[in-house]
Amino acid sequence: MNQTPPTCPILIEVSNLLKQGSDHQRWQEFEKAEGFYVDAITLAKEQLGAEHQAVGYALNDLAQLQESMGQEILARDTFVEALTILEKHLGNNHPVTLDIFGRLHHLYRL
């Protein structure tokens, strides 16, 4: 008998906040996007723990927004925080962690 895995309402809510942030970022509504990303990070940290993979992904999204807004120092710090979490979960050869390494390399060269 096939059973579907239980869904986590908190992960769904975090995912929805990240999607809304992404939508607003795409529409160049950067302040609204930032609010959704910060809300996702806060919710994930409070409900899932500061080292949860969802926190790392949300931080990565926020860092990319900061980078696109020209906030290089903030983006660099946020990418480092995201990398610290995601590297533990994904390893250092995963495409997401490799992307963050590349972005950090670029930001440190500025």
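Observations
- The helix-only estimate of mean residue ellipticity at 222 nm for the chain, built from DSSP H runs of length n ≥ 4 each weighted as -39500 (n - 2.57), is -26500 deg cm²/dmol after division by the residue total.
- Counting charges near L48 (Lys, Arg +1; Asp, Glu -1) among other residues having Cβ under 15 Å from its Cβ returns a value of -2.
- Environment charge of H24, counting only residues whose C-beta is closer than 9 Å and scoring Lys/Arg +1, Asp/Glu -1: -2
- Relative to the Cα centre, the charge distribution of region 3-103, modelled as +1 at Lys and Arg Cβ and -1 at Asp and Glu Cβ, gives a dipole magnitude of about 220 debye.
- Taken over the alpha carbons of the chain as equal point scatterers, the Debye sum produces base-10 log I(q)/I(0) values at 0.16, 0.23 Å⁻¹ of -0.71, -1.26.
- Taking other C-beta atoms within 10 Å as the exposure proxy, Y57, Y108, Y37 rank Y108, Y57, Y37 from fewest upward.
- Rounded tilt (10° steps) of 72-90 against the dominant C-alpha axis of the chain: 40
Any read-out appearing in this document is the output of simple, stated calculations on the displayed coordinates, not a laboratory observation. Only a predicted model underlies this, so the values are computations on that prediction, with no experimental measurement involved. Quick reminder, even Gly has a Cβ in these numbers, built from the backbone with ideal geometry, and neighbours come from all protein chains shown.
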